[in-house]
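Single-structure report; data block below.
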Amino acid sequence: MARAGVAGSGFVSRKTFTFRRGMTAGVSDHATTARDHNAWFRRQVQAGLDDAKAGRLVPAEEVEAEFAVLRAATRRRAAAHDA
């Protein structure tokens with residue numbers, strides 16, 4: 001009878017099996033996560049395109065003003081952190 005873990009025996013020790021199972025589970029989870037993210041991203045892009053076609057747009061000046069406020073806040077936090 002072949003012993004578990006012996007090379008070429010066709011058997012794998014429980015420790016090796018657990019390690020391999022853990023490795024492949026992570027790969028599978030990552031692939032699922034990537035597919036889910038890709039599907040989510042495509043839905044977001046389509047929603048943006050649909051909004052643009054329907055005329056639901058935000059003026060560039062409004063976007064610039066909002067991000068100017070965010071940039072200023074970020075600079076203040078960075079300056080406070082460096083002080």
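So here's what we get for this one:
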read-out: Net charge contributed by nearby residues that have their C-beta within less than 14 Å of ARG56 (K/R +1, D/E -1); value: -2
read-out: Total formal charge among the other residues, if their Cβ is under 12 angstrom from that of ARG43, Lys/Arg +1 and Asp/Glu -1; value: -1
read-out: Extension reserve of the ARG77-ALA54 stretch, reckoned as 0.36 nm per residue once the Cα distance is removed; value: 4.4 nm
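FYI, it's all coordinate maths here, none of it is from the lab. On a predicted model such as this, the values are computed, not experimentally measured, just so you know. Counting neighbours? That spans all protein chains shown, and the Cβs are built from the backbone with ideal geometry, glycine included.
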